[in-house]
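S.K.: Here it is: the structure, laid out below.
The values are calculated or read from the model by the stated rules, or taken from the named source; none is laboratory data. Please read all numbers here as calculations on a predicted model, not as lab measurements. Cβ placement follows ideal geometry from the backbone for every residue including glycine, while neighbour counts extend to all protein chains displayed. Heavy atoms of the whole protein, side chains included, go into the accessibility calculation; ligands, DNA and RNA do not. Shrake-Rupley method; radii C 1.70, N 1.55, O 1.52, S 1.80 Å.
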Amino acid sequence: MIRIRHLSKAFGPNLVLQDVNAEIEQGEVISVIGPSGSGKSTLLRCLNLLERPTGGEILIDGINLLDKKTDVLKLRRKMGMVFQSFNLFSHLMAVENIMLGPVELLEMGRQEAFDESMRLLTMVGLVEKAFAYPDELSGGQKQRVAIARTLAMKPEIVLFDEPTSALDPTMISEVLAVVRRLAADGMTMMIVTHEMKFARDVSTRVFYMDEGTIYEEGTPRQIFEQPTREKTRVFIHKIRTFVFEIRSRTFDLYGLQGGVEEFGRRQFLPEKQIHDTQLVLEELILHKLLGRLADPVDLTVTVGFSETSGAIELMLAYQGEAYNPLEDSSEDLPLRLIRNMVLNGSCAGEAGKTHLRLTLGNNP
Amino acid sequence: MDGDLSRFVGKKIGILTGSSYESVLMQHIPSALPEYFNSFTDETAAVKAGKIDGFLVDEPIARDIVNNTPGVTYIRKVLRADGYAFAFPKDQTALCEEVNASIAELEAGGELRRIDARWFGTDAAAKVLPDIRLDGKKGVIRLATNSGSPPFVYHKDGRLVGYDIDLVMRIADKLKKKLEIDDLDFGAIIPSLMSGRSDMAASCITITEERAKSVLFSNPYYRGGVVMVVASSPAAGEGGFWSGLKESFRRTFLVEDRYRLILKGLGVTVTISVLSAVIGTLLGFGVCLCRRASSLWASVPSRGFIQAVQGTPIVVILMILYYIVFGNVDISGILVAVVGFSINFAAYVSEMMRTGIEAVDRGQHEAAAALGFNRLQVFTRITFPQAARHVLPVFKGEFVSMVKMTSVVGYIAIQDLTKMSDLIRSRTYEAFFPLIATALIYFAVAYALTHLFSLVEARIDPKRRKRAVKGVVLS
């Protein structure tokens, strides 16, 4: 359906995309992941010529998009686009936002367009907001209207440009649920996203972008569990872990807790599990480890999440006295809290540092 | 009142701007402080209010003022004997000769004396122009005059009348020429002759050496002199406030059907304002597009245009258009005013539009483009409705301010609302009532127009629209 060959794009002297090659077939759901600045959004925007590529070609059903003779507006109607910042038309009500394209561009009758728009609003769960203006909607609601607006043009493919990046964490799932439903209905989609769990669940193929090109592609299983190339591995590892460095006895506890919380939300962990992790780290570091650290303080906390067991793994590497809370025989409150939540743990010296590993149970 | 002028030493004395009175004043009372005015009406009001102690004026006009205004009188001493003559551009010697010959004939035939008696007499019913149809077989005389100098030139029953007009009609009749009369500010008469817009001027103009350097004078047709108008001892009781007001209303609007002048002026003001707003908005839109264009050939000139127009007083723009750009073109002053105000309005409106358009967020353009709208559709469906909402409140203010600004068109011989009220003031010698009445009319016009815009504003404000989609039914 779409073939991309040797596509490149430069902004002045900055080469953002180089030699991108890909094929997208009908019915595929492709997630595009990768570090920021790797050209994910640019690739998507090149596909419907919101950015003009500097080289290469894009074939849509055999027609070259970059040919001067191609009717770009017509091809764009086949490709819907959902933006990070929703971009609803602020002077129109929700239902008018959806109707505008079909009435003006597809020459659909107003009544038919209206009925179709109401059907789409029902599908995204917002029919009662049909006569609301964009500034009366929450972020998640705006994005759902924007998705309905795109679908009203009956596109053959929908491009999602980070559809949840501008949303509060509480609103992300309502938007993703709509996208999941589209995937289940067989809609061809290309999604630039930072929601790894979602990418993994919903897509048929994953593009990992780095160095301005599609660095590695494969099924979600291949990319998330057995990435073959070095940079992919580092990226996947990074999104699965949270690292916090402590360099002083008066460190930023709230920074640590905030980081753990954000990490937990990205992994879709239940509130309880996030809270338990924060509690164990606070009790362990403040009451047990600070006194055992050697000067200068050098403690690295790594929080990881195991997809297979669903458990949280903590790794604390530091210079100082070896310590394992499970082998501590005292009976104070911090220790009782820690032991209550830790399933198993080990402590060993490696390369001049003490490594304390703890696994937290995922018990309700 | 005696002829002793010593009590005016060091006092403020009114002088008509562009007149020859200043040299007369300096000759008689060298230490007097001249104050400059644009009309005798203003000077009369200033004398009555005590702002000046007197002003100089030609004797026949002084008589007219005193007849019409309680509380002033004039000192019966001629400060300078003067001859009044017609003025011509330097190159119109032939016309000047012909006019001189006609004046000599009229004087010999006693016609000049009869004109004199008619316009300086007390019989108002006799003050009518001769019933002459000018056929214009030998062309046209474009006559510049100033209607604020009764009994020489003034408005009566909606027509220009007076000694000078009477005389000029008889001369034009002898020369078989038609008359086209431009009513200008006094100060604009000589520039109009020099620029070639007018062929002849008649406005009780005194012959002076200085003026003779710029224009050609005919032989004098009237001999008079300069006198000084001063406040008389306590004005006779003017009745109560209300009866005074009633009398002012009668004199300003009802006598000689003067309300018709006001209506005519109002029509001119509204015509200029509305036409300029429409053309200026279209022009401003064009300038705005050029200003936003990526090409320097479009954006730099449009930026220059905006800065140049915004930095130039509108009066100067009008004068340049009237005397220089269209100086040799026979074009109605109203048209020149529309051009001038359109240009001025365009410069301001284009910048408003630019900010309005730029306030619409780019994301919506992209979303519309991604749906498949072309650039024109994006503009008309998305950008324009939103920009209009941003712009309209300021646009409204700018329009109302333009309506008021049109009051300067008197400079280029247009009789708008302000000019008409000036004319009425020049007949009634009453400063305040016509001024305040005019202010109220401007206020009413501005209010009505603002209200009209508010209706449009309400229509395009989404929050005040009915929550329904046009042309569909809810199933």
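S.K.: Out of the residues in segment B:344-368 that are open to solvent by less than 20 Å² (accessible area, probe 1.4 Å) and within 11 Å of another protein chain (Cβ to nearest Cβ), which is nearest to B:SER401 (Cα to Cα)? Working first, answer last.
M.R.: Quick first cut of segment B:344-368, residues open to solvent by less than 20 Å² (accessible area, probe 1.4 Å) only: B:344-347, B:349-350, B:356-357, B:360, B:363-364, B:367-368.
Retained after the next criterion (residues that are within 11 Å of another protein chain (Cβ to nearest Cβ)): B:360, B:363-364, B:367-368.
On the way: B:VAL360: 26, B:GLY363: 35, B:GLN364: 34, B:ALA367: 38, B:ALA368: 37 Å.
This residue is B:VAL360.
S.K.: Mind checking which residues of segment A:326-350 are surrounded by 14 or more Cβ atoms within 10 Å (Cβ to Cβ) and of a type in the set (Gly, Ala, Ser)?
M.R.: Correct list: A:GLY345 only.
S.K.: Please count how many residues of segment A:88-145 are more than 11 Å from chain B (Cβ to nearest Cβ) and in a loop (DSSP other than H, G, I, E, B).
M.R.: Adding up the residues that qualify gives 7.
S.K.: Would you mind finding the one in B:PHE8, B:PHE37 that is free of Cβ contacts under 8 Å to residues at least 40 places away in the same chain and not β-branched (Val, Ile, Thr)? Don't jump to the end; show me each part of the working.
M.R.: Numbers: B:PHE8 fails: free of Cβ contacts under 8 Å to residues at least 40 places away in the same chain.
Every option except B:PHE37 fails the conditions.
S.K.: Would you check if A:PHE11 is within 14 Å of chain B (Cβ to nearest Cβ) and among the aromatic types (Phe, Trp, Tyr)?
M.R.: Details: within 14 Å of chain B (Cβ to nearest Cβ): no; among the aromatic types (Phe, Trp, Tyr): yes.
For A:PHE11, the condition - within 14 Å of chain B (Cβ to nearest Cβ) and among the aromatic types (Phe, Trp, Tyr) - is not met.
S.K.: Check off (1) open to solvent by 40 Å² or more (accessible area, probe 1.4 Å); (2) within 14 Å of chain A (Cβ to nearest Cβ) for B:LEU452 and give me the number that stays unchecked.
M.R.: (2)
S.K.: Can you say whether A:SER85 is in a loop (DSSP other than H, G, I, E, B), touching a His at 6+ places or on another chain (Cβ under 9 Å) and open to solvent by 10 Å² or more (accessible area, probe 1.4 Å), as far as the supplied structure shows?
M.R.: Working: in a loop (DSSP other than H, G, I, E, B): yes; touching a His at 6+ places or on another chain (Cβ under 9 Å): no; open to solvent by 10 Å² or more (accessible area, probe 1.4 Å): yes.
It is false that A:SER85 is in a loop (DSSP other than H, G, I, E, B), touching a His at 6+ places or on another chain (Cβ under 9 Å) and open to solvent by 10 Å² or more (accessible area, probe 1.4 Å).
S.K.: Restricting to segment A:253-271, and then to whatever is aliphatic (A, V, I, L, M) and at pLDDT 90 or above, can you tell me which residue is surrounded by the fewest Cβ atoms within 10 Å (Cβ to Cβ)? Let's see the steps before the verdict.
M.R.: If we filter segment A:253-271 for residues that are aliphatic (A, V, I, L, M), which is where we start, we get A:253, A:256, A:260, A:269.
Still in the list and also at pLDDT 90 or above: A:253, A:256, A:260.
Details: A:LEU253: 14, A:LEU256: 20, A:VAL260: 23.
Among residues in segment A:253-271 that are aliphatic (A, V, I, L, M) and at pLDDT 90 or above, the one surrounded by the fewest Cβ atoms within 10 Å (Cβ to Cβ) is A:LEU253.
S.K.: Just name the residue that is nearest to A:PHE263 (Cα to Cα) out of those in segment A:292-325 that are open to solvent by 10 Å² or more (accessible area, probe 1.4 Å) and β-branched (Val, Ile, Thr).
M.R.: A:THR302
S.K.: Step by step: first the residues of segment A:22-55, then only those that are in contact with a Ser or Thr (Cβ under 8 Å, 6 or more places away or on another chain) and of a type in the set (S, T, N, Q), then the one that is surrounded by the fewest Cβ atoms within 10 Å (Cβ to Cβ). Which residue is that?
M.R.: A:GLN26
S.K.: Shifting gears a bit: Checking A:ILE274 against (1) under 27 Å from A:VAL342 (Cβ atoms); (2) buried (at least 21 other Cβ atoms within 10 Å of the Cβ); (3) hydrophobic (A, V, I, L, M, F, W, C), which test does it fail?
M.R.: It fails just one condition, (2).
S.K.: Condition check: of a type in the set (A, V, I, L, M, F, W, C), at pLDDT below 90 and closer than 30 Å to B:GLY356 by Cα. Does B:ALA293 satisfy that?
M.R.: Values: of a type in the set (A, V, I, L, M, F, W, C): yes; at pLDDT below 90: yes; closer than 30 Å to B:GLY356 by Cα: yes.
So B:ALA293 passes the test.
S.K.: Taking the criterion of being within 14 Å of another protein chain (Cβ to nearest Cβ) and surrounded by 14 or more Cβ atoms within 10 Å (Cβ to Cβ), would at least one residue in segment A:56-65 satisfy it? Can you show your working first?
M.R.: From segment A:56-65, those within 14 Å of another protein chain (Cβ to nearest Cβ) are A:60, A:65; that's our starting set.
If we keep only those that are surrounded by 14 or more Cβ atoms within 10 Å (Cβ to Cβ) too, we end up with A:60, A:65.
Within segment A:56-65, one or more residues are within 14 Å of another protein chain (Cβ to nearest Cβ) and surrounded by 14 or more Cβ atoms within 10 Å (Cβ to Cβ).
S.K.: Output yes when any residue across segment B:291-312 is surrounded by 15 or more Cβ atoms within 10 Å (Cβ to Cβ) and under 30 Å from B:ASP157 (Cβ atoms), and no when none is.
M.R.: No, segment B:291-312 has no match at all.
S.K.: Also: Can you say whether B:ALA144 is free of Cβ contacts under 8 Å to residues at least 40 places away in the same chain, of a type in the set (A, V, I, L, M) and more than 13 Å from B:ARG170 (Cα to Cα), as far as the supplied structure shows? Can you show your working first?
M.R.: Details: free of Cβ contacts under 8 Å to residues at least 40 places away in the same chain: no; of a type in the set (A, V, I, L, M): yes; more than 13 Å from B:ARG170 (Cα to Cα): yes.
Here the answer is no, as B:ALA144 does not meet what is asked.
S.K.: Still on this structure: Output the residues belonging to segment B:69-92 that are among the charged types (D, E, K, R) and surrounded by 20 or more Cβ atoms within 10 Å (Cβ to Cβ). Walk me through it before giving the result.
M.R.: Taking segment B:69-92 and keeping what is among the charged types (D, E, K, R), we get B:76-77, B:80, B:82, B:90-91.
Within segment B:69-92, just B:ASP82 meets the criteria.
S.K.: Then there's this: With B:LEU423, B:LEU417, B:LEU435 as the choices, which residue is more than 14 Å from every other protein chain (Cβ to nearest Cβ), closer than 30 Å to B:ARG197 by Cβ and touching a strand residue (DSSP E or B) at 6+ places or on another chain (Cβ under 8 Å)? Before the answer, list the steps.
M.R.: Details: B:LEU417 fails: touching a strand residue (DSSP E or B) at 6+ places or on another chain (Cβ under 8 Å); B:LEU435 fails: touching a strand residue (DSSP E or B) at 6+ places or on another chain (Cβ under 8 Å).
Result: B:LEU423 is the single residue among B:LEU423, B:LEU417, B:LEU435 that is more than 14 Å from every other protein chain (Cβ to nearest Cβ), closer than 30 Å to B:ARG197 by Cβ and touching a strand residue (DSSP E or B) at 6+ places or on another chain (Cβ under 8 Å).
S.K.: Continuing with this model, one more query. When you look at B:ARG389, is it within 14 Å of chain A (Cβ to nearest Cβ), open to solvent by 40 Å² or more (accessible area, probe 1.4 Å) and touching a residue at least 40 places away in the same chain (Cβ under 8 Å), yes or no?
M.R.: Numbers: within 14 Å of chain A (Cβ to nearest Cβ): yes; open to solvent by 40 Å² or more (accessible area, probe 1.4 Å): yes; touching a residue at least 40 places away in the same chain (Cβ under 8 Å): yes.
Here the answer is yes, as B:ARG389 does meet what is asked.
S.K.: Would you be able to say whether some residue in segment A:205-214 is in contact with a Pro (Cβ under 6 Å, 6 or more places away or on another chain) and at pLDDT 90 or above? Steps first, answer last, please.
M.R.: Filtering segment A:205-214 down to residues in contact with a Pro (Cβ under 6 Å, 6 or more places away or on another chain) leaves A:206.
Adding the requirement that they be at pLDDT 90 or above leaves A:206.
Yes; the residues of segment A:205-214 include at least one that is in contact with a Pro (Cβ under 6 Å, 6 or more places away or on another chain) and at pLDDT 90 or above.
S.K.: So which helices (runs of 4 or more DSSP H) stay within segment B:93-194 end to end and still have 3 or more residues that are open to solvent by 30 Å² or more (accessible area, probe 1.4 Å) and either modelled with pLDDT of 90 or more or basic (Lys, Arg) (or both)? Lay out the reasoning, then the answer.
M.R.: Working: elements: B:93-108, B:111-120, B:163-175, B:186-194.
Per the criteria, B:93-108, B:111-120, B:163-175.
S.K.: Here is a list of conditions, (1) buried (at least 20 other Cβ atoms within 10 Å of the Cβ); (2) more than 10 Å from chain A (Cβ to nearest Cβ); (3) among the aliphatic types (A, V, I, L, M), and B:LEU376 meets all of them except one; can you say which number that is?
M.R.: That leaves (1) as the condition not met.
S.K.: Answer yes or no as to whether A:ARG77 is within 14 Å of chain B (Cβ to nearest Cβ) and within 28 Å of the chain's Cα centre (by Cα). So that I can check it myself, show each step before the final result.
M.R.: Values: within 14 Å of chain B (Cβ to nearest Cβ): yes; within 28 Å of the chain's Cα centre (by Cα): yes.
Against the criterion (within 14 Å of chain B (Cβ to nearest Cβ) and within 28 Å of the chain's Cα centre (by Cα)), A:ARG77 qualifies.
S.K.: Now, a different point. For segment B:126-146, does any single residue satisfy the condition of being touching a Cys at 6+ places or on another chain (Cβ under 9 Å) and of a type outside the set (Phe, Trp, Tyr)? Before the answer, list the steps.
M.R.: At the first step, the residues of segment B:126-146 found to be touching a Cys at 6+ places or on another chain (Cβ under 9 Å) are B:146.
Checking which are of a type outside the set (Phe, Trp, Tyr) leaves us with B:146.
Scanning segment B:126-146 turns up at least one residue that is touching a Cys at 6+ places or on another chain (Cβ under 9 Å) and of a type outside the set (Phe, Trp, Tyr).
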